[in-house]
Structure formats: structure tokens, C-alpha cells
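Here is the structure we will look at, set down as C-alpha cells.
Coordinate-derived values only; no laboratory data. Note that the coordinates shown come from a computational prediction; the quantities given were computed from them, not determined experimentally. Cβ placement follows ideal geometry from the backbone for every residue including glycine, while neighbour counts extend to all protein chains displayed.
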Amino acid sequence: MLNQLTISELAAKLLHRKVSSREAMQACLDQIARVDGTIHAFISHNAADALAQADAADKQIASGVIKPLLGVPIAIKDVLAVKGQPLNCASKILGNFTSTYDATAIEKLKAAGAIIFGRCNMDEFAMGSSTENSAFGVTRNPWDTSRIPGGSSGGSAAAVAADECIASLGTDTGGSIRQPAALCGVVGMKPTYGRISRYGLVAFASSLDQIGPFTKDVRDSAILLGAMSGVDPRDSTSVPQPVPDYTKALTGNVRGLKIGLPKEYMIGGLDAEVKAAVDTAVKKFTELGAEIVEISLPHTDYAVAVYYIIATAEASSNLARFDGIRYGARIEGNDPLELYSKTRGAGFGDEVKRRIILGTYVLSSGYHDAYYLQAQKVRTLIRNDFLKAFETVDAIITPTTPTAAFKIGEKSGDPLQMYLSDIFTISCNLAGIPGISVPCGFTKNPKLPIGLQLLGKPFGEETMLRLAHAYEQATAWQREKPPL
Amino acid sequence: MLEVPLLLLPAARFQLETFNLKLETLFMAATELDVKYVANLARIALTPDEEKKLGAQLGNILGYIEKLRELDVSNVEPTAHAVPMVNVTRADEIRPSLSHEDALRNAPRQANGLFIVPKVVE
């Protein structure tokens with residue numbers, strides 16, 4: 001089944017003309033036709049356009065063109081601009097918006113030859129942990145369709161898990177790539193802040209957002225990271241750091257590397273089966289020759305509170321642009337104020353309203369110092385915890401999530417409980433460091449994937465990927481497929 | 001403890017009147033989150049049901065984030081960006097950008113190459 005292949009497997013077959021890009025694309029489209037009525041990983045996809053891109057790739061292959069992703073179908077979260085394709089951020093407020101340009105990450109993938117297709121479902125404006133906050137319906141977890149796929153990039157994760165694409169892109173502001181990757185049993189990476197340009201990514205929280213890949217193995221994650229990284233004059237926060245060939249880091253040798261195990265992550269609320277799976281993974285690293293060191297990240301307990309001040313504050317400012325004037329849906333009013341309020345009242349869903357209002361409040365006159373400035377200062381403490389830990393260790397190991405996938409509807413009525421499900425992923429964004437989630441086992445009954453999180457030093461993706469790859473090679477959890 | 005100095009400025013008073021808010025409403029907002037007032041600042045029209053529901057949920061979340069006050073951060077510098085990049089500039093020269101046509105492509109209402117908006121001045 002061509003749709004089940006990894007990027008490296010498919011690229012090799014395409015290069016040696018064993019298969020055509022059209023056949024691979026068609027296999028993905030057939031799988032979408034077969035399972036997406038249930039999974040609903042996609043808000044929309046244009047099959048004719050995808051096949052036309054595949055035919056164009058086949059022509060290039062036939063004429064001897066060699067590009068790293070030539071003819072490989074990659075699905076995109078509905079928050080990234082792809083020229084000529086719809087962009088809704090899973091919200092009603094964007095109406096019939098069509099992108100007029102490509103995001104830099106998309107431009108780079110196209111230059112590497114990828115087929116860019118489909119709009120993956122997500123929590124509206126990437127705000128949520130379950131993909132239940134989509135104006136286009138919920139996405140279901142391929143391992144158990146009564147459960148959530150995680151969020152906010154739930155569609156991107158489910159599409160890879162269900163083999164509806166070869167790989168996909170998501171975005172991660174507080175865990176929105178790693179958490180759904182863990183819950184769907186695929187590999188998901190958030191690079192260092194500034195590694196990949198955010199140009200063409202609809203901003204949620206600008207100081208936290210990063211684009212990253214969902215893939216079927218760690219090698220593919222390294223391939224896509226390399227293809228998308230680099231400084232971009234259109235994003236002043238992108239960092240002019242050289243881009244290595246990340247696949248070269250996948251040596252399989254982790255002997256002598258030091259991995260920190262933060263004691264603050266092994267407490268209350270952590271599911272017994274998740275803990276057991278992570279403990280076993282830690283032992284596996286010891287067997288592979290890495291050294292496990294207990295570390296402390298003393299301000300861990302404050303991360304969720306800091307996050308929900310900083311992320312909502314930035315969101316309240318970023319989402320001010322959705323006012324019904326220049327693009328998207330509009331509800332008319334007698335004056336501009338009435339137009340804005342009606343348009344935004346009708347266009348935004350509950351969670352987005354909740355966060356904009358909270359963010360507006362923490363920035364409002366008289367409250368700014370008490371909430372926003374205080375949170376920014378505690379953010380410094382959280383970042384310093386990590387920098388201090390990285391003086392003695394090369395990477396940090398944690399569970400990705402405290403539990404496996406929960407039921408649809410289980411937490412949707414209680415925002416705070418939903419926020420607390422991101423407790424292990426949020427600090428990484430506040431500190432700006434890279435993180436990856438790889439499959440590390442399953443719960444017994446029902447059988448649900450469990451994710452292991454590795455965190456790296458700023459721009460330490462190579463070491464992080466080397467560890468994740470060595471673990472994957474030694475276990476092969478990623479080869480298990482959901483019962484579809 | 002919490003100050004609302006802007007209230008004393010004439011401009012702020014003008015804004016207040018524009019929003020049809022009484023001063024008392026604002027002072028109430030100084031002690032607890034007044035959803036109606038903040039939603040108005042955020043330009044989001046809420047139904048009475050939404051106001052009630054959001055009020056309870058936000059109260060719960062604010063209660064949780066209060067825990068940050070436990071920490072003494074008087075000697076800590078704030079972090080705005082995890083990877084600090086300052087004064088990132090480029091040469092001040094004209095470069096290609098969105099065309100007029102593309103800029104208007106997704107407009108809900110447009111005419112003569114302009115966005116149509118409700119009347120702002122009489």
C-alpha cells in the first residue's frame with residue numbers, strides 16, 4: 001500500500017521509477033475516500049489539483065530531475081497559507097478566504113518537489129487540545145473513533161496515523177504538534193523557536209508558535225525539518241543559524257549522551273500505564289548506552305498559568321485583524337464598532353472568544369503588570385530552569401501527555417481541565433527549545449498510543465533526533481497501525 | 001493595589017461615553033473580571049448566555065493563574081521572546097508585495113479598488 005510508505009521509502013521508489021507519484025497520490029486519495037468519512041482529518045481537499053501536481057512531478061522525474069521530496073504528498077494544517085487554496089483556521093470568521101501567497105515553509109516544500117494537498121482539521125485558530133473546537137466538526141482518533149485525536153493539529157496527526165497522506169504539517173504553540181502525535185501514535189516535532197519561518201502562518205501567539213512535521217518515523221521528521229528550516233527576511237524572528245543535513249545526525253549511536261529526567265514530571269495526574277511506558281523507554285536508553293540523570297525544573301508547576309496569560313494576551317492582539325473589513329465573513333452594522341462586534345461575536349467560536357477576552361483582560365489598563373508582566377518574568381525563570389539543566393545534560397526525557405487519548409466530549413465543558421492536559425508540552429514553547437514526540441507503547445484496554453517526549457537544547461535538534469531515532473530503531477512502535 | 005490611572009484622562013472618559021459605560025462598571029472590573037466590559041474592549045458581541053457562561057469559566061481560570069503571585073520576581077527580567085533577536089532590519093528599498101487586486105480578493109465588500117465600510121463621519 002503506497003499510502004503507508006514513509007517519505008524516504010516513497011522517495012526511493014519514485015527515484016528508481018518503481019512507482020509513479022500519481023499512483024502514490026491516488027493511494028492517499030483512495031484511503032481518504034475509504035476512512036475520512038469517519039476520521040474527518042480533512043476539512044477539504046482538491047483531488048484534481050493533487051493529481052495534477054503528481055503528474056507534473058512524474059514529468060520531472062521522467063526528465064531526470066532529482067529533488068528530495070519530488071512527488072511526495074504532504075497534507076497541510078488549515079492555518080498555513082497555500083496559494084490558491086482555502087484557508088479557514090477551522091473558523092467561520094474567514095468565510096471563503098483563499099490564500100493569495102504561499103507560506104515560506106510551503107514555498108520551501110514546493111521547491112523540494114512536494115505535492116501540497118488538503119486542509120487538515122484543527123481547533124479553531126489552533127486554540128485547543130482536542131480538535132473539538134473546529135467550526136467544521138470533530139476529528140476522530142484512528143485508534144478509537146470515540147476518542148479525540150488531540151489538538152490543536154488533530155487533523156494533521158490523524159491523517160498521518162490513518163495513512164491518508166505520507167506526512168503532514170502542523171503548528172505547535174503549547175504542544176499542538178507533540179500532543180496529537182502522541183495520542184495518534186505518530187512522530188511529531190516542534191523545532192526551536194526561529195528555526196522555521198512563520199511567514200504565512202496565521203499567528204496565534206507569535207512568541208510561541210512554530211511550524212513542524214508529522215511523520216511516520218524519525219528519519220522523515222529530520223528530512224522535513226531540513227527542507228523547511230532557515231532564516232527568512234519575511235520573518236524577523238527567524239534565526240540565521242546554518243541548516244545541517246539532519247539525517248546525518250541519525251547515526252544510531254547514543255553512547256555517552258546524558259539525558260535528564262525531570263523529577264517534577266513524574267507526579268500527580270500521570271496515568272500508570274503512561275508512566276510504565278516511559279519508565280521502560282528510559283531503561284531502553286540506558287541499554288543503548290545513554291546516561292540517565294535526574295534533574296530538576298523547579299518552576300514546572302507555573303508553566304500552564306504563564307502560558308494562558310502570554311498566549312491569550314498575544315492572541316487578543318493577533319486576532320484583532322479579524323474585523324470583517326478586509327477579508328472573511330462580515331455582519332453589517334450601522335457603524336464600524338457595531339460591524340466589528342457583530343462579525344466577531346458571530347464568527348468566533350467559544351474557545352476563541354474565551355481566550356481573546358482573557359487576553360484582553362490581562363493586557364488591560366491596571367492589570368498589565370499584575371498578570372502579563374508577572375507572567376513574562378516567570379517565563380524567564382522557566383527558561384532559566386531549562387538552560388541550567390542543559391549545562392549538564394544533552395536532552396531531557398518526559399511523557400508527552402499525562403494520559404492517552406480521552407473521549408470526545410469528556411473535557412470540552414471544562415476549559416481548565418483541558419488546559420492542564422498540556423502540562424508536559426507547554427514549558428518547551430515558553431523556553432523556545434525543540435521537542436519531539438515518538439511512540440513508546442500502548443495502553444492495554446482499549447489499545448491507545450502513548451508518546452515519549454524528548455526536549456533538546458536551543459538549536460539542538462540533531463542530538464534530539466539522534467536519540468529519538470536510536471530509540472525508534474530499538475523498539476519499532478511506529479510500525480503498528482490503527483485498526484481501520 | 002490595582003490602579004486605573006487612565007480613567008482620569010479626558011480621552012479615556014470620552015471612550016467610556018462612547019461605550020455607554022458607567023464609571024461604576026469599570027471600578028467593579030478592577031476587582032473582578034467584568035465580561036461585558038472586556039468583551040466590549042475586545043469588540044466581541046456576546047449573548048447574555050455567553051456572558052454568564054464565560055464569566056464563570058474565566059473566573060475559574062483566573063483563580064488558577066493567581067498562583068503566579070506566589071513567586072517573588074522583583075529581580076527578574078521579563079522574557080518577551082525565547083530567542084532574543086533585536087534590531088532586525090533590512091535595507092529600506094522597494095520590493096514586490098501583495099498586488100492591489102490580491103489585497104482586495106478576499107474583501108467582503110469592495111468597490112473602485114477600495115474596501116467598503118459603514119459611514120464613519122457625517
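For the pairs A:LYS18/A:LYS444; A:LYS275/A:LYS388; A:LYS275/A:LYS407; A:LYS284/A:LYS388, flag any whose C-alpha to C-alpha distance is greater than 27 Å.
A:LYS18/A:LYS444
What is the P(r) of segment A:2-258, as percent of Cα-Cα pairs per 10 Å bin from 0?
P(r) for segment A:2-258, in whole percents per bin: 8, 34, 38, 17, 2, 0.
Hey, fewest Cβ within 10 Å first, where do B:SER99, A:SER168 land in order?
If I rank by nearby Cβ atoms, fewest first, I get B:SER99, A:SER168.
I'd like to compare B:100-112, A:69-81, A:218-230: which one has the highest average count of other Cβ atoms within 10 Å, and what's the full order after that?
Sorting B:100-112, A:69-81, A:218-230 by mean packing, highest first, produces A:69-81, A:218-230, B:100-112.
How long are the three semi-axes of the equivalent ellipsoid for chain A, computed from the Cα gyration tensor as the root of 5 times each eigenvalue, in whole Å, largest first?
The equivalent ellipsoid of chain A has semi-axes of 30, 29, 21 Å.
If a/c stays under 1.5 just call it rounded; otherwise compare a/b with b/c (prolate if a/b is bigger, oblate if not). Do that for segment A:279-334, with a ≥ b ≥ c from the square roots of the Cα gyration tensor eigenvalues.
Note, shape of segment A:279-334 comes out prolate.
How would A:GLU264, A:GLU164 line up from fewest to most surrounding beta-carbon atoms within 10 angstrom?
A:GLU264, A:GLU164
Near A:LYS77, which lysines are there with a Cα under 21 Å away, not counting those fewer than 8 places off in the same chain?
Once the sequence-local lysines are set aside, what remains near A:LYS77 is A:LYS92, A:LYS108, A:LYS110, A:LYS190, A:LYS216.
Based on alpha-carbon centroids, what's the gap between segment B:54-90 and segment A:371-390 in Å, whole number please?
Each part's Cα centre sits 9 Å from the other's.
So which of A:LYS67/A:LYS283; A:LYS59/A:LYS83; A:LYS83/A:LYS457 end up more than 29 Å apart by C-alpha?
A:LYS67/A:LYS283; A:LYS83/A:LYS457
Among DSSP beta bridges lying fully in chain A, give the percent that are antiparallel, nearest 5.
Just about 65 percent of them are antiparallel.
Going by C-beta contacts inside 10 Å, put A:PHE97, A:PHE214, A:PHE42 in order with the fewest on the left.
A:PHE97, A:PHE42, A:PHE214
Mean separation of Cα pairs under 8 Å and 6+ residues apart, divided by the residue count of chain A: what relative contact order is that in percent?
RCO, chain A: 18 percent.
Which three semi-axes in whole Å describe the equivalent ellipsoid of segment B:46-122, each the square root of 5 times a Cα gyration tensor eigenvalue, listed largest first?
Gyration-tensor ellipsoid for segment B:46-122: 41, 31, 11 Å.
Considering amide H positions built from the backbone, and no H for Pro or chain starts, which residues 5 or more places from A:ASP102, or on another chain, come under 5 Å of its amide H?
A:LYS83
How would segment A:199-278 be classified by its alpha-carbon gyration tensor: rounded, prolate or oblate, with rounded meaning a/c under 1.5 and the a/b versus b/c comparison settling the rest?
oblate
Counting only residues 5 or more places away or on other chains, whose amide H sits under 5 Å from the amide H of A:GLY260 once H atoms are built in the peptide plane?
A:VAL293, A:ASP394, A:ALA395, A:ILE396, A:ILE397
Report, in deg cm²/dmol and to the nearest 500, the calculated mean residue ellipticity at 222 nm for the protein assembly as shown, where each DSSP H run with n ≥ 4 adds -39500 (n - 2.57) and the sum is divided by the residue count.
Mean residue ellipticity at 222 nm (helix-derived): -11500 deg cm²/dmol.
What is segment A:402-484 by shape, rounded, prolate or oblate, if you read a ≥ b ≥ c off the alpha carbon gyration tensor as root eigenvalues and call it rounded for a/c under 1.5, prolate for a/b larger than b/c, and oblate otherwise?
It is oblate, given that a/c is not under 1.5 and a/b is not larger than b/c.
Separation of segment A:163-203 and segment A:245-296 by C-alpha centroid, Å?
So the separation of the two Cα centres works out to 21 Å.
Run through the DSSP bridge list for segment A:2-258 and note the antiparallel percent, rounded to the nearest 5.
Rounded to the nearest five, the antiparallel share is 65 percent.
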